[in-house]
Amino acid sequence: MQSDLLKKLKHSQQNAKKIVKRRLTPTSTFATLTDDEIAQVIAMRAKELRVKQDKKQREFSAEAELSSPTTYANFEQKGTISLANFIKVMRTFGRLEELEALLRPTVKEQIEDVKANILVPKKRVR
């Protein structure tokens, strides 16, 4: 009985993942997506770029100097990859400037920093 319930649960989870994956596209916006869905959309975008370059996964992963072709294949299929390997992928696509733009201080934060430095003298650090 418990085995049947587990099988049904796994089957329903797999179906739910397929349904979610079907509604995701490379142009999906991130605002309403879960973290896993965002990762999947990024993977779809990477796959599109690789295919446009007319490269096979194995060839691309070698060019990106990933430890194994499976690393890149898993990224495209599941959206999972380490940050270091993602940086290698972005470098290989020639898209590092997009990573560079992440988490930069906003204009408002930069203005506040300048104001704080002008109004409050810095203390000497020993």
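Values in this text are rule-based calculations from the coordinates and carry no lab data. Because the structure is a prediction, the values reported are computed rather than measured. So basically every Cβ, Gly included, is an ideal-geometry build from the backbone, and we count neighbours across all protein chains shown.
Below are the figures for this structure:
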item	result
Any chance A73 is closer than 24 Å to L24 by Cβ and buried (at least 18 other Cβ atoms within 10 Å of the Cβ)	no
Residue match in the range 81-99 (condition: of a type in the set (K, R), surrounded by 10 or more Cβ atoms within 10 Å (Cβ to Cβ) and assigned to a loop (DSSP other than H, G, I, E, B))	yes
